[in-house]
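K.L.:
Can you read through this structure? Questions will come right after.
The values are calculated or read from the model by the stated rules, or taken from the named source; none is laboratory data. Bear in mind the structure is a predicted one, so any value in this text is a computation, not a measurement. Here the Cβ positions follow ideal geometry from the backbone for every residue, glycine too, while neighbour counts run over all protein chains shown.
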Amino acid sequence: MKQHVAILGSTGSIGTQALEVIKANKDHFEVEVLTSYNNAELLIQQGKEFLPNAVVIGDEKKYNLVKEALQTHQIKVYAGEEALAQIVEMDSINIVLTALVGYAGLKPTLNAIRSGKHIALANKETLVVAGELVTSLAKEKGVNIYPVDSEHSAIFQCMAGEWDNKIEKIYLTASGGPFRGRDKHFLSKVKKEEALKHPNWEMGSKITIDSATLMNKGLEMIEAKWLFGLNPDQIDVIVHPQSIIHSIVQFEDGSMKAQMGLPDMKLPIQYALGYPKRLKSSFKRFDFLNYPTLTFEKIDTETFRNLALAITALQRGGNMPCIINAANEVAVTAFLKDKVGFLQMSDVIEDCMERISFISKPSYEDYVLTDTETRRLATELLPA
Ligand code: MN
């Protein structure tokens with residue numbers, strides 16, 4: 001039986017790679033829905049190639065453009081934020097790949113779970129912001145959440161056949177990003193062009209900056225807590241600059257399982273969409289002789305303060321991860337516009353953590369309010 005897939009954010013980095021996976025596995029997948037916030041040109045091109053049941057363009061001004069381009073193909077076209085959130089309720093969808101960036105992924109993901117769709121989760125911010133809400137709703141609805149994030153996919157792959165065995169701890173591997181080994185003096189002067197050059201992974205700009213500040217690893221620790229039901233002290237990070245080992249599970253007998261391979265996001269995407277099957281692929285294979293040495297280092301939370309702040313948020317829980325996420329989204333956007341320095345991003349986040357009211361058991365409305373309040377404050381804190 002084919003999987004009928006909806007891709008939220010089909011024109012982004014994960015979305016386009018997911019479509020490559022689908023194209024190579026036409027017997028297994030059918031594209032039901034594609035959405036894009038504002039890349040009408042690519043959405044139209046994808047619509048013509050994959051002939052989904054429906055497409056959604058977030059920007060309502062581009063509705064006519066998309067509608068006219070796709071009407072001869074009998075593809076339904078919708079526009080606007082509400083349509084983006086609601087399209088996942090369509091009956092013909094089995095699985096929703098959430099490849100949106102940031103907080104914007106929360107509402108559509110909750111809607112998809114509520115309507116009983118399995119989730120291939122590429123939007124880690126959804127679990128960072130509201131992990132308790134999302135995972136408890138998934139449990140109630142009998143919905144599976146398959147991780148697409150490479151580290152979490154690695155843990156998930158290591159857990160195959162092990163679900164009755166307790167995890168003692170996990171190690172999330174971190175490449176260390178483009179500024180591994182650098183000091184604060186160096187970081188105070190870096191520009192976005194340098195931060196956007198990731199040594200191993202090809203990704204969107206938001207996550208690439210998060211990888212440079214190590215905030216990405218902090219968000220991933222919070223994501224892991226919810227995906228695998230772990231306590232903060234069971235989640236460790238180890239720097240592994242080659243990005244060949246994607247993460248490690250340590251069981252109660254001391255045995256460790258790791259998942260490895262060349263860094264290519266198409267593999268975790270394909271594993272999530274094809275689960276429990278491993279579909280044949282033509283991805284480039286790993287050659288040991290090209291990597292005679294795999295190395296490991298301690299993570300530097302002194303220099304990379306965003307990671308230390310995220311660990312604090314992981315430990316405090318409540319709406320604290322929502323606060324750091326919102327402050328970080330504002331800070332990263334400002335950094336990408338050259339409006340704030342690399343190290344000042346941490347100052348903005350830390351100020352927000354101190355000044356936004358802490359809520360230990362937030363409701364959905366509390367998260368929405370926390371997000372709005374934090375964005376307002378973070379924007380005020382930015383240099384004019
Ligand atoms: Mn990752």
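K.L.:
How many residues does segment 124-135 hold that are among the aliphatic types (A, V, I, L, M) and either more than 16 Å from the ligand (Cβ to nearest atom) or more than 10 Å from residue 226 (Cβ to Cβ) (or both)?
P.N.:
So the first thing to find is which residues in segment 124-135 are among the aliphatic types (A, V, I, L, M), and the list is 127-130, 133-134.
With the extra rule that they be either more than 16 Å from the ligand (Cβ to nearest atom) or more than 10 Å from residue 226 (Cβ to Cβ) (or both), the set shrinks to 129-130, 133-134.
Count: 4.
Table: residues versus (1) among the charged types (D, E, K, R); (2) farther than 21 Å from residue 207 by Cβ; (3) in a helix (DSSP H, G or I).
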residue: 308; (1), (2), (3): no, no, yes
residue: 311; (1), (2), (3): no, no, yes
residue: 330; (1), (2), (3): no, no, yes
residue: 346; (1), (2), (3): no, no, yes
residue: 360; (1), (2), (3): no, yes, no
residue: 371; (1), (2), (3): yes, no, yes
residue: 380; (1), (2), (3): yes, yes, yes
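K.L.:
Right, something else. Taking the criterion of being within 11 Å of the ligand (Cβ to nearest atom), touching a residue at least 60 places away in the same chain (Cβ under 8 Å) and at negative phi, would at least one residue in segment 178-198 satisfy it?
P.N.:
no
K.L.:
Continuing with the same structure: Please state which one of 190, 129 is β-branched (Val, Ile, Thr) and within 27 Å of residue 270 (Cβ to Cβ).
P.N.:
Only one candidate passes the filter, namely 129.
K.L.:
Here is a further query. Considering only residues of segment 136-152 that are more than 22 Å from residue 203 (Cβ to Cβ) and surrounded by 18 or more Cβ atoms within 10 Å (Cβ to Cβ), which is nearest to the ligand (Cβ to nearest atom)?
P.N.:
138
K.L.:
Same structure, new question: Give just the number: which of (1) of a type outside the set (Gly, Ala, Ser); (2) within 16 Å of the ligand (Cβ to nearest atom); (3) in the same structural domain as residue 105 (by TED's automatic domain parsing) does residue 158 not satisfy?
P.N.:
(3)
K.L.:
Follow-up question, since we're still on this one. Across segment 160-201, what is the total count of residues that are of a type in the set (S, T, N, Q), at pLDDT 95 or above and surrounded by 13 or more Cβ atoms within 10 Å (Cβ to Cβ)?
P.N.:
Residues that pass the stated criteria total 3.
K.L.:
Tell me, which strands (runs of 3 or more DSSP E) lie completely within segment 1-119 with 3 or more residues that are of a type in the set (Lys, Arg) and at pLDDT below 95?
P.N.:
none
K.L.:
Let me ask something additional. Find the residue count for segment 161-177, including only residues that are more than 11 Å from the ligand (Cβ to nearest atom) and in contact (Cβ under 8 Å) with a residue 40 or more places away in the chain.
P.N.:
First, the residues of segment 161-177 that are more than 11 Å from the ligand (Cβ to nearest atom): 161-171, 176-177.
With the extra rule that they be in contact (Cβ under 8 Å) with a residue 40 or more places away in the chain, the set shrinks to 162, 165-171, 176.
The qualifying residues number 9.
K.L.:
Within segment 127-168, can you find the residues that are of a type in the set (Val, Ile, Thr) and in contact with a Pro (Cβ under 9 Å, 6 or more places away or on another chain)?
P.N.:
Scanning segment 127-168 gives 128, 129, 148, 155.
K.L.:
Residue under question is residue 84, and the condition is that it be buried (at least 19 other Cβ atoms within 10 Å of the Cβ), among the hydrophobic types (A, V, I, L, M, F, W, C) and touching a residue at least 24 places away in the same chain (Cβ under 8 Å); does it hold?
P.N.:
yes
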